[in-house]
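A short reminder: the numbers here are calculations on the coordinates, not readings from a lab. Since the structure is predicted, the reported quantities are computational estimates derived from the model, not experimental observations. Heads up, the Cβs are rebuilt from the backbone with ideal geometry, glycines too, and the neighbour counts pull from every protein chain shown.
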Amino acid sequence: MDLLKHHHVINSVIRTNNNNNFKGNLKIAFWNIEGERQFNLMCDKDISTINQNHIIGLCETWAENDYFRPAFSRFRKVSVLAKRDVSVGRAKGGIIIYYRNDIFKKHECLSQTDHYIILKLWAENFEIIIGCVYIQP
């Protein structure tokens, strides 16, 4: 199933200085995934498309465990698990920021709650602050 055709994936490109090891544009994607099941149903084409990014923000994962999808092994992950308000029904929220481990050598979590993650990422020749927010309806 080609999920990316049916979901809103926002891609951004940020220019970096053309020096040292990372040259060109930094590719960032954001996806309100509407449940980890969608994430697990990604076809090879979707996985390939997502893997072209350097940073991936996912919200509304509904994930209650810290599962790491093998197709994203080139990435490190920082996550906030979804919370279950009641014993029946699905959990709410859930946020993941993936960042490429061949570009970003370390991260610092500047702030994190059930509703957002804000990270500072360091590469050899630049640093970036990135956030991913879940706004409950």
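Test of understanding: among Asp102, Asp114, Asp85, which residue is of a type outside the set (Lys, Arg), touching a residue at least 12 places away in the same chain (Cβ under 8 Å) and within 18 Å of Gly35 (Cα to Cα)? Step by step, each of Asp102, Asp114, Asp85 is checked, and only Asp114 is of a type outside the set (Lys, Arg), touching a residue at least 12 places away in the same chain (Cβ under 8 Å) and within 18 Å of Gly35 (Cα to Cα).
Scanning the stretch 117-130 for residues that are in a strand (DSSP E or B) and in contact (Cβ under 8 Å) with a residue 60 or more places away in the chain yields Leu121, Ile128, Ile130.
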